[in-house]
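Engineer: If you scroll down you'll find the structure; I have some questions about it.
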Amino acid sequence: MLVRARAPGLSCALGTMLWMGGRATAGYRRAQGLTLEQENAIDLLLTGATDRDVAEAVGVHRVTVTRWRNYDPRFQASLNRRRKEIWSSSTDRLRAMLPRALDRLERELEDGPGGWRVAVSLLEMTGLGFRGRGAQDTLGSVGIGSTNAESIVEAEARARRPDPLDELLRGEPVNSFERERAGAELARLAAEADV
């Protein structure tokens, strides 16, 4: 497991305290990118650690980690990007099994009643005949959100529209007011003081 550390003498930007309502949230405010704690949190989340374990390891409250995952578009995008990188290597292994799956499917179609389901499932997971998903939604990206912070904010803005049916019918793009309002709300929720 990789745990990043601050270089000696690194100043205030990463280690400052942000006071909100009489409480402090350590190291959260940043000009750009993620804090050291957030980078370490992503490394740990990718290993399957719980929010509680991650929080203890990086020195923040468990609720802070949950807020990063749920309300911080930059954190979400970075986590999703790293998840896709990991899935990419797994997907390559599945694709390498494709010829054997096709052989098994062929044998099962000719000879047997049961094993063909495994072969069909493997074909669907690799993207061939993947039902109900877009061309981009193969095994490598199903269940993983956007890797772009702006897209996450835009999706949040769309979700906050009063009438989702209206959105479907008219498909109007998110305007700057909606984007700013959703971004501000996500920032507020992500930066709330630890409980």
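Engineer: With a 10 Å radius around each residue's Cβ, average the other Cβ atoms per peptide and rank 66-75, 39-48, highest first.
Structural biologist: Result, highest mean first: 66-75, 39-48.
Engineer: For a quick check: sort SER146, SER90, SER78 by the number of other beta carbons within 10 angstrom, fewest at the front.
Structural biologist: Details: SER146 17, SER90 11, SER78 20.
Least crowded to most crowded, the residues run SER90, SER146, SER78.
Engineer: While we're looking at this one, here's another question. Most exposed first by the Cβ proxy, i.e. fewest other Cβ within 10 Å, how do THR50, THR64, THR147 rank?
Structural biologist: Least to most surrounded, the residues fall as THR50, THR147, THR64.
A short reminder: the numbers here are calculations on the coordinates, not readings from a lab. The structure presented is a predicted model; accordingly, all values stated were derived computationally and were not measured. Here Cβ is always computed from backbone atoms with ideal geometry, including for glycine, and neighbour counts include all displayed protein chains.
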